[in-house]
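Since every read-out is calculated from the coordinates, none of them should be taken as a lab result. Quantities reported herein were computed from a predicted structural model and do not represent experimental measurements. Positions of Cβ are generated from backbone atoms using ideal geometry, with glycine treated the same way; all protein chains shown enter the neighbour counts.
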Amino acid sequence: MTQKINSHIPAGPIKDKWTNHKANINVVSPANKRKLDIIVVGTGLAGASASASLSELGYNVKSFCIQDSPRRAHSIAAQGGINASKNYQNDNDSVHRLFYDTVKGGDYRAREANVHRLAEVSGNIIDQCVAQGVPFARDYGGLLDNRSFGGVLVSRTFYARGQTGQQLLLGAYSALNRQIAKGGVKQYNRHEMLDVVVIDGKARGIITRNLVTGEIEKHSAHAVVIASGGYGNVFFLSTNAMNSNTSSAWQIYKKGAMFANPCFTQIHPTCIPVHGEQQSKLTLMSESLRNDGRIWVPKKMEDVEKLRKKQIRPRDIKEEDRDYYLERRYPAYGNLVPRDVASRAAKERCDAGFGVNETGKAVYLDFASAIDRLGRDVIEERYGNLFQMYEKITDDNPYETPMQIYPAIHYTMGGTWVDYNLMTTVPGLFSLGESNFSDHGANRLGASALMQGLADGYFILPYTIGDYLSNEIQTPRISTDHPEFNKAYETVREKITKLVNNAGKRSVDSIHKELGHIMWDNVGMARDEKGLTEAIEKIKALKKEFWSNVKVPGTSDEFNQELEKALRLADFIELGELMARDALNRSESCGGHFRVESATEEGEAKRNDEEFAYVSVWEHAGDDKEPILNKEPLVFENVELKQRSYK
Amino acid sequence: MNLKLKVWRQKNAKAKGGFEIYNISNISPDTSFLEMLDILNEQLINEGKEPVAFDHDCREGICGMCSLFINGRAHGPDDDVTTCQLHMRKFKDGETVTIEPWRSAAFPVIKDLVVEREAFEKIQQAGGYVSVNTGGVPDGNAIAIPKEDADEAMDAAACIGCGACVATCKNSSAMLFVAAKVSQFAKLPQGKPEAARRAKAMVAKMDELGFGGCTNTGACEAECPKGISISHIARLNREYLVAKLKD
Ligand SMILES: Cc1cc2nc3c(=O)[nH]c(=O)nc-3n(C[C@H](O)[C@H](O)[C@H](O)COP(=O)(O)OP(=O)(O)OC[C@H]3O[C@@H](n4cnc5c(N)ncnc54)[C@H](O)[C@@H]3O)c2cc1C
Ligand code: SF4
Ligand code: FES
């Protein structure tokens with residue numbers, strides 16, 4: 001049997017791998033680039049930077065997004081910043097240190113070679129963005145400013161107020177616009193990819209739906225690049241934008257692109273708690289707040305009860321009756337433990353009954369002592385915009401009363417499996433940004449997703465795709481009349497027809513919420529064998545319920561948001577099942593994945609490197625068959641594997 | 001709280017639209033405006049009716065996707081927020097709430113409350129960039145930029161491209177939107193070389209697309225959810241003048 005997965009990691013010392021690889025791979029001549037077409041799905045940091053760069057090189061690019069403008073991709077919402085090992089602060093940062101922090105932060109479940117390359121190109125990203133006119137924060141001397149972020153000892157995060165993602169995306173969007181104006185990129189807004197077309201084993205195009213007219217379209221190319229973002233919305237409630245979805249990643253999975261580590265999801269500890277069943281999404285409060293805020297719940301149950309009945313206010317609880325549980329459990333790191341640890345600790349207290357709001361799912365993030373120590377002005381300067389945002393949403397003033405926070409789904413480390421060239425297991429099909437699995441292992445450090453998206457799009461794919469396309473220069477423009485195009489077109493059409501004609505009773509959202517509850521309860525912050533086994537059965541049943549009982553009003557040939565949501569939910573349901581399966585298989589705890597069975601005596605996560613130092617690479621075996629698990633062993637030659645400790 | 005909603009319904013771009021009245025009850029004041037519309041839609045679906053189409057995505061006030069004219073104001077009665085950040089506590093129990101799409105010839109209605117903002121894309125493509133390719137750029141710290149300039153560029157760059165300025169302006173002018181981009185780049189050494197050319201190209205495109213002229217009423221600034229200042233329009237005018245003098 002031929003080997004199904006080959007990571008194609010170049011040989012040689014880690015610091016030379018990328019340089020040597022670039023020297024050894026093929027390039028396509030300018031004259032031939034003009035004859036080659038590339039489809040890019042997604043215009044977030046990864047997609048927009050890739051489309052712009054590929055067009056600058058001379059390829060013909062077709063770029064797709066579901067919003068009415070490329071600028072509205074979910075990357076726009078990133079707040080905190082982007083990492084780069086510039087060492088501008090002279091604090092002994094380096095490529096190696098960024099590499100090391102990222103591998104360790106990912107709890108040793110990422111591929112060393114990819115992470116090292118990411119660290120190598122990180123500095124170029126900042127240079128590129130500055131050249132585009134991205135208004136990064138600066139010091140009085142006029143040079144770039146940095147801030148610190150969780151899990152590291154140096155100051156390497158570049159930022160643009162609390163809107164770093166917005167500014168980086170607008171930079172990539174401007175580069176994209178320049179290419180659209182020049183004719184090198186044809187932009188398709190309000191178009192959703194619903195299937196990929198594979199001809200003779202190679203990706204040759206996609207099927208899309210024009211979201212305004214409902215028309216189903218066929219688009220061909222010599223290569224297809226997916227940059228469609230993460231799948232956090234499988235939980236219904238998450239910090240992701242409402243339209244974020246997994247459909248591209250899931251459809252390519254069904255056509256042969258394997259899916260890696262689906263159970264690796266990140267739960268962010270500081271989000272505004274759920275207020276009720278009507279809630280549509282969750283809002284992140286930046287990680288930076290934990291620099292000055294102290295997290296606590298009451299020690300006494302009677303105080304909890306009074307708080308819930310609003311008989312007392314948090315300020316009425318005496319200092320000695322408060323449980324600053326992070327400071328108690330992790331004296332060394334205190335409130336600054338990594339995201340996964342802080343999230344689990346909050347859940348532990350709330351499960352024990354100490355949650356401070358009516359739903360029992362909230363803890364306090366208190367700035368009183370910071371305000372006493374530093375003065376209100378300093379706190380206002382640091383966090384004013386966040387406090388204002390919090391007040392707009394909750395009507396509470398965080399200067400006077402502690403914020404209420406609770407963990408929420410925020411990011412997905414898992415995704416489409418790619419080799420070192422960012423190519424999936426389908427030749428000619430690539431995946432970038434949050435939609436691939438590559439660099440963050442089992443837990444992503446803050447400010448590194450933006451870095452990865454732009455690294456992939458500006459500095460990695462434009463090289464590696466050339467190696468693949470150098471073998472395609474003889475391939476004429478692909479015709480969309482090929483039977484495979486018609487087959488994919490028909491499959492999509494039938495699916496849509498089935499949905500709009502279904503005589504069901506339930507709205508899409510009501511089923512999505514049910515999926516969200518299953519996922520959060522059984523495949524959320526703490527997972528065990530029983531819950532995961534149950535989840536798989538429940539999701540299977542929900543899939544049946546969806547296809548027999550969903551109600552999609554309106555028709556297929558018009559602007560129809562319920563139909564859009566239904567198509568996305570169909571894929572989320574199937575992905576949810578795979579996530580549960582993956583979590584069940586991985587009976588160790590690592591990073592954001594916590595198996596109750598694999599904990600130390602103090603209840604901390606326990607990794608199992610002997611059995612699980614591998615990437616789980618899931619292969620679709622057919623709609624009614626169990627997926628096949630392939631394993632990519634992870635080899636660590638440059639960092640020593642250690643159990644993380646924050647005590 | 002209980003509300004009466006007067007909502008603009010329009011089947012598609014060609015259809016003639018009109019208002020429909022819906023009653024909605026038991027809305028928590030902590031619900032966001034768009035969640036209130038979600039509840040309305042759930043109600044409509046359960047009654048076998050078509051839900052109201054409206055644009056939204058991030059629901060955090062940053063993507064610029066949501067729009068809506070609410071009780072005669074772009075993004076509703078609260079200041080400095082987008083529709084998605086508006087909460088029902090800003091309304092009174094029993095109130096009638098009128099909900100309309102952006103109204104501007106440059107933003108045709110697609111369906112119900114959803115409009116086409118492609119014109120904004122065309123304006124950006126006309127010059128909203130610095131002409132650099134990927135790679136081969138100098139080190140990020142090679143050019144020092146005074147903090148005040150960087151901050152001012154950031155103020156302008158905060159525009160989310162929502163279109164509230166156009167929807168509010170009696171002339172349907174896109175000047176604030178255009179000025180925000182021109183001003184951001186004019187303040188930075190990287191954008192300076194092309195500043196005049198950019199201003200001219202973006203203004204010409206704006207005129208060509210049927211946006212009206214600016215008569216300095218300041219309405220746009222008052223309704224802009226990101227507080228983009230009309231002082232940027234003054235800077236745009238300066239750059240534009242320079243470009244014209246060179247002609
Ligand atoms: C609230 C929040 C704050 C964050 N803050 C930070 C931070 O400070 N630092 C950091 O490093 N990371 C942060 N992250 C994570 C980071 O923002 C994302 O991981 C990253 O932006 C993802 O970029 P992307 O290009 O991969 O995908 P996205 O930006 O999600 O773009 C996806 C694109 O794909 C398109 N698309 C999706 N499906 C389809 C389809 N079927 N057909 C056609 N097009 C499709 C969409 O239209 C969009 O253009 C944050 C995330 C959140 C939720
Ligand atoms: S200037 Fe303000 S109102 Fe106009 S598009 Fe930008 S953010 Fe919206
Ligand atoms: S939905 Fe993104 S700004 Fe309102």
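Some observations on this one:
- Principal-axis analysis of the Cα atoms of chain A puts helix A:529-549 at an angle of about 60° to the longest axis.
- Looking at the range B:3-110, the DSSP beta bridges with both ends there are about 75 percent antiparallel.
- Dipole magnitude of the range B:3-110 about its Cα centre (Cβ charges: Lys, Arg +1; Asp, Glu -1), debye to nearest 20: 580 debye
- The mean sequence distance of close C-alpha pairs (under 8 Å, at least 6 residues apart), as a share of the length of chain A, puts its relative contact order at 20 percent.
- Note on chain A: antiparallel DSSP beta bridges, both residues inside, total approximately 70 percent of the bridges counted.
- With contributions of -39500 (n - 2.57) from each DSSP H run of at least four residues, the per-residue ellipticity at 222 nm computed over chain A stands at -11500 deg cm²/dmol.
- Counting lysine pairs in the range B:3-110 whose alpha carbons fall under 28 angstrom apart, excluding pairs fewer than 8 residues apart on the same chain, gives 14.
- Helical runs (DSSP H, four residues minimum) scored at -39500 (n - 2.57) apiece and divided by the length of chain B put the mean residue ellipticity at 222 nm at -10500 deg cm²/dmol.
- Given 10 as the ceiling on other Cβ atoms within 10 Å, longest exposed-site-free region of chain A for GluC sites (Glu not before Pro) in DSSP loops: A:278-600
- For the peptide A:170-180, the mean number of other protein chain Cβ atoms found within 10 angstrom of a residue's Cβ is 6.
- Filtered trypsin sites (Lys or Arg not before Pro), the range A:313-409: DSSP coil and at most 14 other beta carbons within 10 Å: A:K318
- Largest mean-square fluctuation among B:A157, B:A167, B:A13, in a Gaussian network model of chain B whose springs join Cα atoms under 10 Å apart, belongs to B:A13.
- Distance from the range A:75-149 to the range B:63-86 (C-alpha centre basis), Å: 35 Å
- Shielding of B:22-31 by partner chains, average beta-carbon count, 10 Å: 2
- Residue by residue along A:382-393, Cβ atoms of other protein chains within 10 Å of the local Cβ number 2 on average.
- Helical segments meeting 18 Å axial Cα length and Kyte-Doolittle 0.5 threshold in chain B (DSSP H): B:33-46
- Residue (of A:T208, A:G183, A:V224) at the positive-pole extreme of chain A, dipole from beta-carbon charges: A:G183
- Contact order relative to length of chain B, as percent, for alpha carbon pairs under 8 angstrom and 6 or more apart: 19 percent
- Assuming charge only on the beta carbon of Lys and Arg (+1) and of Asp and Glu (-1), the dipole of chain B about its Cα centre is about 920 debye to the nearest 20.
- Helix A:483-501 axis, angle to chain A major axis (alpha carbon atoms, nearest 10°): 40 degrees
- Rounded tilt (10° steps) of A:95-105 against the dominant C-alpha axis of chain A: 70 degrees
- Test item: Cα-centred dipole of chain A, Lys/Arg +1 and Asp/Glu -1 on Cβ, debye: 860 debye
- Loop GluC sites (Glu not before Pro), the range B:1-84 (other Cβ atoms within 10 Å of the site Cβ: 14 or fewer; DSSP): B:E47
- Computed E for A:I473/A:A352 - FRET, C-beta separation, R0 60 angstrom, nearest 0.05: 0.40
- Whether the protein assembly as shown is rounded, prolate or oblate, judged on the alpha carbon gyration tensor where a/c under 1.5 counts as rounded: rounded
- Value of relative contact order over the range A:502-609, rounded to a whole percent, pairs C-alpha under 8 Å and six or more apart: 32 percent
- For the range A:18-87, the list of trypsin sites (Lys or Arg not before Pro) that fall in a loop by DSSP and count at most 16 other C-beta atoms within 10 angstrom reads A:R34.
- Ordering A:V61, A:G42, A:G12 by the projection of their Cα atoms onto the charge dipole of the range A:1-80, which places +1 on the Cβ of Lys and Arg and -1 on the Cβ of Asp and Glu, puts A:G12 at the extreme positive end.
- Couplings 3J(HN,Hα) for the range A:59-67, derived from phi with the Karplus relation 6.51 cos²θ - 1.76 cosθ + 1.60 (θ = phi - 60°), are 6, 8, 10, 10, 10, 10, 8, 8, 7 Hz, where x marks Gly and Pro.
- 3J(HN,Hα) from dihedral phi, the range B:87-93, Karplus parametrisation 6.51/-1.76/1.60, rounded to Hz, x for glycine, proline: 10, 5, 5, 7, 10, 9, 4
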